[in-house]
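K.L.:
Following this message is one structure expressed as structure tokens.
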């Protein structure tokens, strides 16, 4: 069963996302930008999926929330980037968190860039806290 996105915020436009990119000083990855235009944040139902680590180990994790833009709250993407500015590798762009608050992110460059999920399976880019996942 494919997940559905629940409790998205107010829809956004490409111009809104352009303004967010100006404020945060970096581009929003194309796959997350497309997701934000369709679902401005929210959480998936079902929320559990499996990831396959590079060593072949399979781990079941849960997606808690996708970060929206232009909201007044701690889940806002720009606020999250500001909070984690000096704590995330530059090549990791956070798109959400698990129910425990660990960040999930897209690897945007380097040898791990462009990692893709297939049938709900994704590859881990930086250990437990930074997961490379394509939203398309």
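K.L.:
Please give the direction-averaged projected area of the C-alpha convex hull for region 1-73, in square nanometres with one decimal. Working shown, then result.
P.N.:
Details: hull surface 24.9 nm².
Computed as one quarter of the Cα hull surface, the answer is 6.2 nm².
K.L.:
Related question: Rank these for me by crowding, 109, 60, going from fewest to most other beta carbons within 10 Å.
P.N.:
Values: 109 12, 60 8.
With the sparsest Cβ surroundings first, the list reads 60, 109.
K.L.:
Another question about this same structure. Sorted from fewest to most neighbouring beta carbons within 10 Å, what does the list 50, 70 look like?
P.N.:
Ascending number of Cβ neighbours within 10 Å: 50, 70.
K.L.:
Using the number of other C-beta atoms within 10 angstrom as an exposure proxy, rank 5, 51 with the fewest first.
P.N.:
With the fewest neighbours first, 5, 51 line up as 5, 51.
Read-outs: derived from the displayed coordinates by stated rules, not from any lab. Since we're looking at a predicted model, the values are computed, not measured. Cβ: placed from backbone, ideal geometry, glycine included. Neighbour counts: every protein chain shown.
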